Amino acid sequence: MNIDPREMRQVAQAVAPRVDLYAGIHKALRALMADTLLELGRADADDALELAQATQRVMQLLDFCRSHLQHENTFVHTAIEARAPGASGQIAHEHGQHEEEIEALCAQATALLNGDSATREAGALALYRGLSLFIAHNFEHMHVEETAHNAVLWARYTDGELMDIHNALVASIPPEEMMFTLRWLVPFMNPTERAAMMAEMRAHAPAPAFAAALDVVRPHLREREWAKLAGSLGLPV
């Protein structure tokens, strides 16, 4: 990976916050991954409904991960390669590995759901362990993106240019996927990040879309979190 150590030091020493293409969506991914793993781990493999719900959650996570890889490949890696050829090579290779792992986990989840009742408990444990490893790899992978890739981006792009990349990526996301993203993104931000994101959305999205986003987000906020967000947006608590 073509990463200048001086750029890495600049990331560590940065005082003024820069536009970060990874921070928010990675919080969403970590939350979704952790929650899905916990739900799979506690599911009763002998209960057909619980098993169906758990495997559906796994498939939903994997679909989201697949889409996330495509977004990063199309927008972020293209930007990196445009000004630092080769700098995204290692992470791009890992993206290819993740796609293979996603397909294998999808097949494993489908086999579990359709398998013989006598093998379901063992199959559920095997899927749980496989998903655990996939998530562990992704946590390490996201850390590299948040440090090494940001070092490249911040050294070569202005914040205005990074916002243009971010806005183009967001504009490419279908409404249904965006609502799913908001459900996992906004509740797991800190209050400052949450308020800034929702204020930005209110400023640029149609009023019905903003109202729908609030409806998606509110049930997953604690009472105090909602009070802070409502206060920042001038909404009734």
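No lab work stands behind these numbers, since they all come straight from the coordinates. Treat the numbers as computed from the prediction; the structure is a model and nothing was measured. Quick reminder, even Gly has a Cβ in these numbers, built from the backbone with ideal geometry, and neighbours come from all protein chains shown.
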* Asked: Given the C-alpha centroids of segment 31-75 and segment 108-137, what is the distance between them in whole angstrom?
  -> 12
* Structure fact -> Answer check: segment 175-237, Cα atoms, Kirkwood Rh, Rg/Rh ratio of 0.92
* Asked: Using helices alone, what [θ] at 222 nm do you get for the chain, with -39,500 (n - 2.57) per DSSP H run of 4 or more residues, divided over all residues and rounded to the nearest 500?
  -> -24500 deg cm²/dmol
* Structure fact -> Relative contact order as a percentage, segment 175-237, C-alpha pairs under 8 Å and 6+ apart, gives 40
* **Listed residue (GLY24, HIS98, ILE80) projecting farthest to the positive dipole end of segment 19-173, Cβ model** => ILE80
* Asked: If you project the alpha carbons of segment 50-153 onto their three principal axes, what span does each projection cover, largest first, in Å?
  -> 55, 20, 18
* Structure fact -> Looks like the chain, by Cα gyration tensor root eigenvalues a ≥ b ≥ c and the a/c under 1.5 rounded cutoff (else prolate when a/b is bigger than b/c, oblate otherwise), is oblate
* Asked: Which value in Å does the Kirkwood hydrodynamic radius of segment 104-237 take, with 1/r averaged over all unlike C-alpha pairs and then inverted?
  -> 18.2
